[in-house]
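Have a look at the structure below before the remarks.
The values are calculated or read from the model by the stated rules, or taken from the named source; none is laboratory data. No experiment lies behind these values; they were computed from the predicted model shown. Using ideal geometry, Cβ is built from the backbone for each residue, glycine included, and neighbour counts are taken over all protein chains shown.
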Amino acid sequence: MPVKNAIQVLVLSAILLWIAPLSAQIADFPPDTVAGIPVNYTEANVGEYTLPALLQLENGKAVKSADVWMDQRRAEIVKLIEENQFGRCPEPRDISFEVHEKGVPAFDGKALRTQVTIHFTKDKSRPKMDLVIYLPPDATGPVPLLLNISFSANELFIDDDAVRPGMIWNREHELIPASQGRPFGKLDVVRVVEQGIGIATFYYGDVDPDFNGGFDFGVRKLYLKPGQTERAADEWGSISAWGWGISCAIDYFETDDTVDEKKIAIYGISRLGKTVMWEGGRDPRVAMVIASCSGEGGAALSRRDFGETVAHLTEASRFPYQFAVNYQKWGNNVNESPVDAHMLVALIAPRPVLLITGNTDKWSDPYGEFLAAVAAEPVYELLGKKGLGKTEFPPAGEPILHDIGYYMHDGGHGPGPGDWDVMFKFIKMHLQ
Ligand code: GCU
């Protein structure tokens, strides 16, 4: 073998040996096809890539101080992600809060319940969003709060008969009473408030329906300019809209003196994990982000060809409506995209972010989320915070919790074993 080839083989095997222990948690898996697009589940076939620089301004200058990051680079990245991935949100207008009840004892006095409707229109017609809030009964002042964005309507998600009835979108894309729907998990309210924190939740479909063609029934239609019939290519997809709903909830918390509006953590799973990543990056009022199984388009590096890709996400029959129209440009061209998931993580800095993944959730590329967190670490360090501090992929069940946190549960897509305990620990570390 010529010397040059021998060296190449040596270098390649060294790289593979180095990668192997890092990714051993995620065993290779036979390839698959989704929406006619192949899916790679073999680490060695992920491909080579270079991530866009974080600590470099668009004018080429290096970002060397926290001020330059916070005042200049951050804004550049927000704009890039708006234009190329999720789409710009408008400033809310005509929003009002209708407080139905405040601090009413619930769960045998173990929690205090508040219910609010956030109206998005002056005439208070749909769309509007029902927020239910539970606080610890013995709080002596405003409390930190975990705001959950949910696939379930409030009345299906919480075993409390006093929760106001809502409406949901069914599989046929009709709006039906939530009581006719099926629950998607249950929220253990008492367990949360026992930690000394509040919990609030709302149904994402109150803000924007989750289907192709749902545009006419959600908030986005309300913001079309006169004469405009559809959103521009850089305007909000549903994920931006759901995140915008979170920011409206924070607007409400700013008016409620029982909640510490400076200590709001936001939590979402899956597409709602993508939502909390983006909203946390966009809205500096968010104090902490907990994104579970956010995967492609969330915390997983898009340049890695493993599991779902931008091409899968934006394929016409799947989820193009969740993103800016511009995102489709990068489906078959991801290495040219000016954005990737490490930027989404970095936008949350210096605020804490916890990434939860599952070791069998290969579609969401848990290792790609870990690598995005590693890549975002220099930004946390520049701001005097601590990233993961490790480049070795941790086994399932062993959280790494600093200002960036990473926890891979032993299981698949969705809530997994240990998630809540790790979340409580992370919240207590940073918000209590
Ligand atoms: C699909 C989609 C994912 C998304 C998930 C979910 O699997 O491909 O990107 O996260 O749905 O929201 O459950």
Inset, instruction - Check V339 against each of (1) away from the ligand (no atom under 14 Å from the Cβ); (2) out of contact with any Leu (no Cβ under 6 Å at 6 or more places or on another chain); (3) within 18 Å of G47 (Cβ to Cβ) and name the one condition it does not meet. - result: (2)
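Mind counting the residues in segment 375-389 that are without any contact (Cβ under 8 Å) to a residue 24 or more places away in the chain and not small (G, A, S)? Even if it seems obvious, please write down each step before you answer.
Residues of segment 375-389 without any contact (Cβ under 8 Å) to a residue 24 or more places away in the chain: 381, 386-389.
Keeping just the survivors that are not small (G, A, S) gives 381, 386, 388.
So the answer is 3.
Taking I290, is it in a strand (DSSP E or B), more than 11 Å from the chain's Cα centre (by Cα) and among the β-branched types (V, I, T)? Outline the logic, then answer.
Numbers: in a strand (DSSP E or B): yes; more than 11 Å from the chain's Cα centre (by Cα): no; among the β-branched types (V, I, T): yes.
No; evaluated as a whole, the condition is false for this residue.
Out of curiosity, is K329 surrounded by fewer than 24 Cβ atoms within 10 Å (Cβ to Cβ) and closer than 17 Å to G273 by Cα? Don't jump to the end; show me each part of the working.
Working: surrounded by fewer than 24 Cβ atoms within 10 Å (Cβ to Cβ): yes; closer than 17 Å to G273 by Cα: no.
When the stated conditions are applied, K329 does not pass them.
Let's see how each residue does on (1) within 28 Å of L51 (Cα to Cα); (2) among the β-branched types (V, I, T):
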{"position": "A375", "(1), (2)": "yes, no"}
{"position": "Y380", "(1), (2)": "yes, no"}
{"position": "F393", "(1), (2)": "yes, no"}
{"position": "G397", "(1), (2)": "no, no"}
{"position": "I400", "(1), (2)": "yes, yes"}
{"position": "G418", "(1), (2)": "no, no"}
{"position": "D421", "(1), (2)": "no, no"}
{"position": "L431", "(1), (2)": "no, no"}
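Inside segment 315-432, counting only helices (runs of 4 or more DSSP H) that do not spill past its ends, which hold 3 or more residues that are of a type in the set (G, A, S)?
On the way: elements: 341-348, 366-382, 419-431.
The qualifying helices (runs of 4 or more DSSP H) are 366-382.
In segment 27-44, how many residues are touching an Asp or Glu at 6+ places or on another chain (Cβ under 7 Å) and either β-branched (V, I, T) or away from the ligand (no atom under 16 Å from the Cβ) (or both)? Walk me through it before giving the result.
Of all residues in segment 27-44, those touching an Asp or Glu at 6+ places or on another chain (Cβ under 7 Å) come to 28, 35, 37, 39-43.
Those left that are additionally either β-branched (V, I, T) or away from the ligand (no atom under 16 Å from the Cβ) (or both): 28, 37, 39, 42-43.
Count: 5.
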Inset, instruction - Return the residue satisfying two criteria in turn: it lies in segment 230-277 and is part of a helix (DSSP H, G or I) and hydroxyl-bearing (S, T, Y), and of such residues it is nearest to the chain's Cα centre (by Cα). - result: T275
Legend entry - Failed criterion for L313 (all others in (1) within 19 Å of G87 (Cα to Cα); (2) within 14 Å of the ligand (Cβ to nearest atom); (3) touching a residue at least 60 places away in the same chain (Cβ under 8 Å) hold): (3)
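So, in segment 168-178, how many residues would count as being within 14 Å of F151 (Cα to Cα) and in contact (Cβ under 8 Å) with a residue 24 or more places away in the chain?
Our first condition is that a residue be within 14 Å of F151 (Cα to Cα); within segment 168-178, this holds for 168-171, 178.
Next cut, in contact (Cβ under 8 Å) with a residue 24 or more places away in the chain only: 168-169, 178.
Count: 3.
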Inset, instruction - Please indicate, with yes or no, whether at least one residue in segment 219-237 is in contact with a Ser or Thr (Cβ under 7 Å, 6 or more places away or on another chain), modelled with pLDDT of 95 or more and closer than 16 Å to F323 by Cα. - result: no
Legend entry - Residue that is within 23 Å of V39 (Cβ to Cβ), away from the ligand (no atom under 11 Å from the Cβ) and surrounded by 24 or more Cβ atoms within 10 Å (Cβ to Cβ), where the choices are S302, S292, S240: S302
